[in-house]
């Protein structure tokens, strides 16, 4: 995400833009609000790769028919504590929001709600959904599979997605919020190194023969052409550093997402114009364990002890999970959301195509050059 | 575990020994069966560090009063889908077995059972309990905290346990079974390198200042003296390789074990003659997702595709989680359970102390030298 110049716009400006654009795409106001909130929450956390820069990609998905604007998530199997949802190729954010709302509703009624959703699309940051639950006094969990990018230990072909797992639990002063891929890094990081022309750090990626590689361009080309290679699990590619553990954690996300729902496993997704991405959701009502206040107070104390623990030489801060996001939101709301100017060129094209007035949102700002989003490679 | 000579004994021999010894310790037959089964299952999986060699350590815990023979686990809070169990300083295996049986009972009645247990002791392999649930048609989960051994990212003091997470789900021909610490390796691995006098691999351990160390003896001494250092999270000690991810996964085990139960967090355990170890358990009835047969068939197909995927150069096998254990059980049942002769010296001492006839179990086998378990450093 380091290519090009960064411009900053207020949350309100980008919120207005996204809302109008998603309504033009054909979503109703409530749907546009959900999709926009998922995207801009990611931008506020400083995770641009999953933020509004994806808007154009989503529009391409809609154009191709991979993402269906008019589909509705359907509960195809249900018990008081669980459900299987068929996303019918709708937007990942809408399927995700629907499924987690269902899980929370069940958690309020029975104590626990577990929902597995199939036939969906990229749903943004997994943590958004986990936080929906934690804001309602639950321990929230969400995970998703994705296009295969993780090479299993001793393999040379990507068979598992980046398969993030996210957990959230209320705590003070920072909510506990842990959202991470089960690969050592995401594809976005490789793309960033490629754009910068820098060699990849050791321990990230494999070439088409399954050997370690520092060549971002080669690895990315091989992944796109499905000729082998990919990203290592958390723990690298040897059992010495725990490769089998990252691989196993990726499997857990796969189980909650595609296995429980009867959906497509990562290695089958994103083929022949079909996404097939699956998600998993769990909400555990903290009343099941004496109440959110009690649980949260106990956790907050431990998090405080962690932050106050002795630091390694050369370091002055131990972060607890969720702390960085709180700091980022405060800073970015004040300074504005950073957007790469290349993305703004895409936004200009999108406005032109949708008949929206780019100046209405961005005044006299001019993106670097005119492009055409329909010929670009998104 | 590489120190000394290895001797092998049949499962039946060691089962008889453990059963008799635990009954002599004061447990009833059913309790002795549970503890013995947890230990010998670990030995059959080839995980000696958590197997019958721990018997003497457990006896020391009983002697010191850290482990109470006559205590019973108590349900102190309960809902139809959840419970908090107080282990009252009893044996970890008995608290673990009780808690997972409770979780499974709830899962049969409501679909899900989540149990968090406090004031317990070392419970052996986390995977044993996850498998109790998978054998009953559930997705099983178990985790535990432990004495602090993991140094959080950018810290120099161990604040989190090895905090394993284990998951199990029925599948053919190998059940899915994933059991791993959230540290890059366990303390047992460091002890093994120390005994062999070999330098630790890079990426495992930190010295007392929080800098990487290859000196097993120094790291172990610092840990024991609580003067800093410890083992890195899965992902090492830099964010580049995902240290914050291993650290976060350790936190999830902590949440299910000590936070939900209101028990001791890892950094407070094993002090002043009190263990305080906590465990977490979850059973999700697969009837919640269309039935165990359907879920298992889908998972089995994916696991097959993983095993059959192209291999990295120099490798001819991609393992799926649980496969190695099935192979190990078949081999070890045939060849016998390997035991280090030093452990057999301890066993001889224990037999003498308990008034058990060592020869009844081991015939003419003589352990290398007479010792005295009550003066040794266990």
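Return the percentage of antiparallel bridges among DSSP beta bridges fully within chain B, rounded to the nearest 5 %. The antiparallel fraction comes to roughly 85 percent. Overall form of region A:215-296: oblate. Here a/c, set by the Cα gyration tensor axes a ≥ b ≥ c, is 1.5 or more, and a/b is not larger than b/c. Dividing the helix sum by the residues of chain A, where each DSSP H run of 4 or more adds -39500 (n - 2.57), gives a mean residue ellipticity at 222 nm of -12500 deg cm²/dmol. Label-point spacing at residue B:196 relative to the other copies reads 3.7 nm, in ascending order, each point sitting 7 Å out from Cα along Cα→Cβ. Look at the stretch B:91-104: the mean tally of other chain Cβ atoms within 10 Å of its residues' Cβ atoms is 0.
Between residue B:366 and residue B:317, the FRET efficiency from the beta-carbon distance, with R0 = 25 Å, is close to 0.05.
If you wrap the Cα atoms of region B:20-78 in a convex hull and average its projected area over all directions, you get 5.1 nm².
When you restrict to C-alpha pairs under 8 Å that are six or more residues apart and normalise by the size of chain B, the relative contact order lands at 21 percent. By the beta-carbon count within 10 Å of each Cβ, the least crowded to most crowded order of A:329, A:219, fewest first, is A:329, A:219. Spin-label model, residue B:271/residue A:88: points 7 Å from Cα along the beta carbon direction are separated by 5.7 nm.
Shortest first, residue A:326 label-point distances to identical copies amount to 4.7 nm, with the label point at 7 Å from Cα along Cα→Cβ.
Just the ratio, please: alpha-carbon radius of gyration of chain B over 2.2 N^0.38 Å, N its number of residues. In units of the 2.2 N^0.38 Å rule of thumb, it is 0.98. Per residue of A:155-168, other chain Cβ atoms within 10 Å of the residue Cβ number 3 on average. When Rg and the Kirkwood Rh are both derived from Cα coordinates, the Rg/Rh ratio for region B:33-143 amounts to 0.98. Computed from the C-beta positions of residue B:214 and residue B:308 and an R0 of 25 Å, the FRET efficiency is 0.05 to the nearest 0.05. Just so you know, the averaged projected area of the alpha carbon convex hull for the protein assembly as shown sits at 30.5 nm².
Taking every alpha-carbon pair under 8 Å whose residues sit at least 6 apart, region A:258-378 reaches a relative contact order of 12 percent.
Measuring spread by the Cα atoms of region A:185-231 yields a radius of gyration and Dmax of 9.2, 25 Å.
Take every Cα pair under 8 Å in region A:185-231 that's 6+ residues apart, average their separations, divide by the length, and report that relative contact order as a whole percent.
Computed over region A:185-231, the figure is 35 percent.
Taking every DSSP bridge with both residues inside the protein assembly as shown, close to 85 percent are antiparallel. Here the spin labels are modelled as points 7 Å beyond Cα on the Cα-Cβ line, and at residue A:196 and residue A:359 they lie 3.9 nm apart.
Just checking the output field for B:114-121: average partner chain Cβ neighbours within 10 Å of each residue's Cβ?
Average neighbour count from other chains, rounded to a whole number: 1.
The distance separating the Cα centre of region B:153-198 from that of region A:1-71 comes to 40 Å. Placing a label point 7 Å from the Cα of residue B:172 along the Cα-to-Cβ direction, the distances to the matching points in the other copies come to 5.5 nm, shortest first. Each residue in A:227, A:35 was given a count of other beta-carbon atoms within 10 angstrom of its own, and listing them fewest first yields A:227, A:35. Of all chain A residues, the closest to the A-onto-B rotation axis by Cβ, with that distance in whole Å, is A:112, 2. State whether region A:82-187 is rounded, prolate or oblate according to the following rule on the C-alpha gyration tensor (a ≥ b ≥ c being the square roots of its eigenvalues): a/c under 1.5 gives rounded; otherwise a/b larger than b/c gives prolate, and the remaining case gives oblate. Oblate, since a/c reaches 1.5 and b/c is not below a/b. Footprinting exposure proxy ranking of A:340, B:255, fewest other C-beta atoms within 10 angstrom first, gives A:340, B:255. Region A:250-324 and region B:213-285 have Cα centres lying 17 Å from one another.
Only the coordinates and a few stated rules stand behind these numbers; no lab work does. Bear in mind that the values here come from a model prediction, so they are computed numbers and not experimental data. Every residue, glycine among them, receives a Cβ derived from its backbone with ideal geometry; neighbour counts consider all protein chains shown.
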